[in-house]
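**Student:** Below is one structure. I have some questions about it.
The values are calculated or read from the model by the stated rules, or taken from the named source; none is laboratory data. Please read these numbers as outputs of a predicted model, since none were measured by experiment. Neighbour counts are summed over all protein chains in view; Cβ atoms, including those assigned to glycine, are modelled from backbone coordinates with ideal geometry. Heavy atoms of the whole protein, side chains included, go into the accessibility calculation; ligands, DNA and RNA do not. Shrake-Rupley method; radii C 1.70, N 1.55, O 1.52, S 1.80 Å.
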Amino acid sequence: MNQGTQPYVALDRVAKVYPSPRGDVEALADIDLEIAPGSFVSVVGPSGCGKSTLMKCLAGLVPITSGTIDINGRSLEGPPGAMGIVFQRDVLLDWRTILDNVLLQAELRRLPRADYRERAMQLLARFGLEGFEDRHPWELSGGMRQRAAICRALLCDPELLLMDEPFGALDAMTRDDLNVELTRIWQGTNKTVLFITHSIVESVYLADRVVMMSRGPGRIVEVIDIDLPRPRPLSIRETPAFGAYVHQIRHHFAELGILKE
Amino acid sequence: MTGWRKFLMGESRTRDVLLVLAALVAIWELGVWHYEPPRIFLPPPSAILAEFLTTPELFIRHMGYTLWTTLLAFTISVALGITLSVAIVYSRLLERTIYTLLVALNSVPKVALAPLFVIWLGTGMEPKIAVAVMLALFPIVIDTVLGLRSVDPDMVNLARAARASQLQILAKIRFPNALPSLFAGMKVAISFALVGAIVGEFVAGGNGLGFLVLVAQGQFDTTRVFVSLVLLGLMGTALFYALDFAERLMLPWHVSQRGEGGSQHGG
Ligand SMILES: Nc1ncnc2c1ncn2[C@@H]1O[C@H](COP(=O)(O)OP(=O)(O)OP(=O)(O)O)[C@@H](O)[C@H]1O
Ligand SMILES: [Mg+2]
């Protein structure tokens, strides 16, 4: 986007190989990517192309094999402090209530729980979980659980938010709902978001830029800037401009033999 | 429905078990009256109860001794077992040494070592506790190690992403996650501890239900043997259910404890 500012996230020729006795798995190869501060980037690609690996490398959870990752101008060594993360599965702790699950974020960072209680309640209310604070995860629907996981990621107000197919297992209506809520929350802040999905429509709807990946080994095949006005109503998905982006991405995947047209 | 019918048709495990037990006792009693086997072979339940009532305080005193030995050994096993499990899970070296050794030792018939403990520790409560701990430790370590290990890697990733310390990961994620396994191990261990205590009493000393059984057997007093056995059975059952109750209290969140309201979550 703007050339002048320093990127918040910069990946330079990043490669990741998982060693395995049955032959090494080349999960990522030659990944170059820059993400501007405050921007919303989504990553689309077929299953197994290394999206989750990319996120875990960025999060400092998995060591990279070669290349460099800089976050906010500094070389990545372990998980960055101001980061929130939402995994493909909600990983809520069954023995904690929803409120305690959200507050876990503060506890793990050795921050006083009392200071975050109010914010946790606000976040839960914002995501439609008011009145469920004292329930346990197993008493909630899949969509509600995923919302609680998002609240947990947002609790300590991260600068960088990493989300790995957080809505992948949800029905279309819940997904639409959460897409709207997520953009609304993001717009009020200057968080940098990396959002992984395998839905092309979702990626275009949410993002400023869509990163397309292909597999074997996982690499970036194209980066597309999405020049659509914000805030975006759900109905934007029926406009020709939106359709053109979706078509462009789909067409590109088809050319690569990943999608049939 | 009459009260009797309701009692018979309702859903209650305790009632079912009690009914079966009552039926067995009745058959036993009637069978003994009808076939009149020698007393030394099989006394009727009524005689067992009568024998207990002649010197109840004696039986209760010995039962108390066995119970105390068992509880001490169980407590030591739990404390030692948890410590060992944590050490094994966090240290490659300990896992390769202690854990491997423990698994190998488990196939040794440990009860046979009881006389050795008497030589080492005398005839007091110590050798009995030692035998009981030896038996009870293994199931606790095996199950706790399994529980500590079988944590969702993304749960640990979540904590690491928040820059949590290893100690926090243990206290807030791994350990609570292992509690159901720990309880499973403890339920096996409590019975093993009781077995260990009895074996210890068989081998040496002048106290406990195991000692009573041994003495009564020497005098061919079968009725007395049965009194001790019944008390042992009651004790074992009570200890197991006490743990079961503690589990319900402490782990209301676990799948096995949830009511029908709980939904199963695949993802
Ligand atoms: N811990 C691991 N050890 C070995 N190989 C792994 C590991 N994690 C992932 N892989 C391999 O790396 C490749 C990329 O996996 P990854 O989970 O990043 O894909 P993905 O794009 O997130 O897929 P999906 O959309 O299905 O979640 C796959 O071939 C996978 O088998
Ligand atoms: Mg994935």
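**Student:** Give the residue that is nearest to the other protein chains (Cβ to nearest Cβ), with candidates limited to residues of the stretch A:16-35 that are away from ligand 2 (no atom under 16 Å from the Cβ) and open to solvent by less than 20 Å² (accessible area, probe 1.4 Å).
**Tutor:** A:Ile35
**Student:** Kindly indicate which of B:Val141, B:Val215 is in contact (Cβ under 8 Å) with a residue 40 or more places away in the chain, away from every other protein chain (no Cβ under 14 Å) and among the β-branched types (Val, Ile, Thr).
**Tutor:** B:Val141
**Student:** So if I check each of A:Arg74, A:Arg89, which one is open to solvent by 50 Å² or more (accessible area, probe 1.4 Å) and more than 16 Å from ligand 1 (Cβ to nearest atom)?
**Tutor:** A:Arg74
**Student:** Report those helices (runs of 4 or more DSSP H) wholly inside the stretch B:97-199 carrying at least 3 residues which are under 26 Å from A:Gly78 (Cβ atoms) and open to solvent by less than 20 Å² (accessible area, probe 1.4 Å).
**Tutor:** B:153-161
**Student:** Cβ contacts < 8 Å: first residue under 18 Å from A:Gly81 (Cβ atoms) and more than 7 Å from every other protein chain (Cβ to nearest Cβ), restricted to the stretch B:150-175; second residue open to solvent by less than 70 Å² (accessible area, probe 1.4 Å) and in a helix (DSSP H, G or I), any location; separation 6+ or different chain. Result?
**Tutor:** Final answer for the pair search is B:Ile169/B:Val156; B:Ile169/B:Ala159.
**Student:** Let me ask something else. Condition first: touching a His at 6+ places or on another chain (Cβ under 7 Å) and within 14 Å of chain B (Cβ to nearest Cβ). Can you find one or more residues in the stretch A:88-106 that meet it?
**Tutor:** So far as the stretch A:88-106 goes, yes, one or more of its residues are touching a His at 6+ places or on another chain (Cβ under 7 Å) and within 14 Å of chain B (Cβ to nearest Cβ).
**Student:** Let me ask something else. Could you pull out every one of the strands (runs of 3 or more DSSP E) wholly within the stretch A:130-235 that has 3 or more residues that are more than 16 Å from ligand 2 (Cβ to nearest atom) and in contact with a strand residue (DSSP E or B) (Cβ under 9 Å, 6 or more places away or on another chain)?
**Tutor:** So the answer is A:219-225.
**Student:** Report the residue count in the stretch B:38-70 for those that are open to solvent by less than 90 Å² (accessible area, probe 1.4 Å) and either farther than 25 Å from B:Val199 by Cα or of a type in the set (Asp, Glu) (or both).
**Tutor:** The number of residues fulfilling the criteria is 7.
**Student:** May I pose another question? Could you tell me which residue of the stretch A:45-76 is nearest to ligand 2 (Cβ to nearest atom), considering only residues that are away from chain B (no Cβ under 14 Å) and among the charged types (D, E, K, R)?
**Tutor:** Per the criteria, the residue is A:Lys51.
**Student:** Kindly check whether there is at least one residue in the stretch A:212-224 that is of a type in the set (S, T, N, Q) and either modelled with pLDDT of 95 or more or open to solvent by 20 Å² or more (accessible area, probe 1.4 Å) (or both).
**Tutor:** No, every residue in the stretch A:212-224 fails to be of a type in the set (S, T, N, Q) and either modelled with pLDDT of 95 or more or open to solvent by 20 Å² or more (accessible area, probe 1.4 Å) (or both).
**Student:** Restricting to the stretch B:219-229, count the residues that are touching a residue at least 24 places away in the same chain (Cβ under 8 Å) and either in contact with a Ser or Thr (Cβ under 7 Å, 6 or more places away or on another chain) or surrounded by 17 or more Cβ atoms within 10 Å (Cβ to Cβ) (or both).
**Tutor:** 6
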